[in-house]
1. Name the residue that is nearest to the other protein chains (Cβ to nearest Cβ), counting only residues in region A:76-94 that are under 16 Å from B:Phe57 (Cβ atoms) and crowded, with 18+ Cβ neighbours inside 10 Å.
2. Whether any residue in region B:104-126 is closer than 14 Å to B:Ala58 by Cα, of a type outside the set (S, T, N, Q) and in contact (Cβ under 8 Å) with a residue 24 or more places away in the chain is what I want to check.
3. Filtering region B:49-60 down to residues that are more than 14 Å from B:Asn34 (Cβ to Cβ) and within 8 Å of chain A (Cβ to nearest Cβ), which residue is farthest from the chain's Cα centre (by Cα)?
4. Of the residues that sit in region A:102-137 and are of a type in the set (D, E, K, R) and more than 17 Å from the chain's Cα centre (by Cα), which one is farthest from A:Ser62 (Cα to Cα)?
5. Quick check on region A:95-105. Is at least one of its residues without any contact (Cβ under 8 Å) to a residue 60 or more places away in the chain, out of contact with any helix residue (DSSP H, G or I) (no Cβ under 8 Å at 6 or more places or on another chain) and loosely packed, with under 15 Cβ neighbours inside 10 Å?
6. For region A:41-63, name all the residues that are at the interface with chain B (Cβ under 8 Å from one of its Cβ atoms) and closer than 25 Å to B:Thr56 by Cα.
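Only the coordinates and a few stated rules stand behind these numbers; no lab work does. Quick caveat: nothing in here was measured; it's all calculated off a predicted structure. Quick reminder, even Gly has a Cβ in these numbers, built from the backbone with ideal geometry, and neighbours come from all protein chains shown.
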Amino acid sequence: MAVLFEDISTGYELEPVRKPPITRTTLALFGGASGDHNPIHIDIDFAKSAGMPDVFAHGMLSMAYLGQVLTNWVPQEAIITFGVRFQSITHLNDEITCSGRVIEKTEQDGKNRVRIEMQAVNQHGDIKLKGEAIVAL
Amino acid sequence: MIDRKFIGTRSTPFTLDVEKGQLRSFAKAVGERNPIYTDENAAAAHGYASLPAPPTFAFCLNLAAPQPSTRYRDMGVDPSKLLHGEQHFHYLKPIFAGDAITLQSEIIDIYDKKNGALEFIVTETTGTNQNGHVVVKMLATTVVQH
């Protein structure tokens with residue numbers, strides 16, 4: 001079902017995306033698939049030598065998760081902008097939940113747009129990403 | 001302090017093929033369940049020419065830039081001190097498997113906070129497809145911890 005501008009009001013919440021706990025396998029697969037070969041995400045020896053207790057997740061992994069909130073809602077070509085600020089490191093075993101909420105509706109030159117406030121949090125409610133998207137409806 | 005003369009520096013453009021196999025690997029790695037990202041028939045049923053690249057995929061293309069860390073070293077920055085602060089995408093046209101995307105980056109700002117303890121490098125990367133259409137603009141803020 002197509003999402004219609006007139007059916008969406010400010011405060012509308014998009015269907016959240018809940019992800020399983022992040023494992024070393026998750027990071028290895030994402031490192032390979034994304035082309036981010038930074039060893040800080042896949043090699044515990046390297047992470048320790050860099051002063052970290054362990055490897056940690058790529059920020060862009062959580063951003064990819066967050067993007068699914070949008071692409072589960074509308075066809076991807078409706079997305080005009082999508083941006084995030086990385087708030088804190090995502091660790092192994094974190095369970096990321098991504099959400100989005102319509103915070104503004106605008107009509108400009110006959111074009112309908114919604115602005116969506118987004119975030120990714122772990123199972124403790126710690127905010128990992130804060131984001132915003134503009135979608136054409 | 002990073003010399004502000006690096007503002008305006010542009011990278012040498014490079015071109016990458018968007019491959020179905022890499023898109024499928026990416027979809028698997030991020031737990032994508034929507035078949036339009038992995039199944040060509042589902043993509044075709046949606047009217048797509050081939051598998052579409054998901055919203056953040058263009059960033060991955062840029063990771064394949066030749067010698068990305070050299071530019072930071074040229075600026076006197078240790079790549080291991082970098083953090084990804086912000087990432088923004090502006091979508092102009094879709095990217096599909098089979099496209100050849102040319103990427104070029106420009107450092108558009110360098111600023112500091114906390115009396116220089118943190119510096120921020122803002123890079124804009126433009127992606128252009130094989131037909132000369134700009135498909136995406138990406139804005140990345142990289143944090144340098146001193």
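1. In this case the residue turns out to be A:Gly83.
2. No.
3. Filtering region B:49-60 down to residues more than 14 Å from B:Asn34 (Cβ to Cβ) leaves B:49-50, B:56, B:58-60.
Remaining after also requiring within 8 Å of chain A (Cβ to nearest Cβ): B:56, B:59-60.
On the way: B:Thr56: 8, B:Phe59: 3, B:Cys60: 6 Å.
Filtering region B:49-60 for residues that are more than 14 Å from B:Asn34 (Cβ to Cβ) and within 8 Å of chain A (Cβ to nearest Cβ), the one farthest from the chain's Cα centre (by Cα) comes out as B:Thr56.
4. So in region A:102-137, the residues of a type in the set (D, E, K, R) come out as A:104-105, A:107, A:109, A:111, A:113, A:115, A:117, A:126, A:128, A:130, A:132.
The next check asks that each one be more than 17 Å from the chain's Cα centre (by Cα); those that pass are A:104-105, A:107, A:109, A:111, A:113.
Working: A:Glu104: 24, A:Lys105: 26, A:Glu107: 31, A:Asp109: 34, A:Lys111: 30, A:Arg113: 25 Å.
For region A:102-137, the residue satisfying everything is A:Asp109.
5. Step one: of region A:95-105, the residues without any contact (Cβ under 8 Å) to a residue 60 or more places away in the chain are none.
No, region A:95-105 has no match at all.
6. The first filter runs over region A:41-63 and keeps only residues at the interface with chain B (Cβ under 8 Å from one of its Cβ atoms), leaving A:50, A:59-61, A:63.
Scanning region A:41-63 gives A:Gly59, A:Met60, A:Leu61, A:Met63.
Residues checked against (1) touching a residue at least 24 places away in the same chain (Cβ under 8 Å); (2) farther than 18 Å from B:Pro94 by Cβ:
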residue: B:Lys28; (1), (2): no, yes
residue: B:Gly31; (1), (2): no, yes
residue: B:Glu40; (1), (2): no, no
residue: B:Tyr48; (1), (2): yes, no
residue: B:Pro52; (1), (2): yes, no
residue: B:Leu63; (1), (2): no, yes
residue: B:Pro66; (1), (2): yes, yes
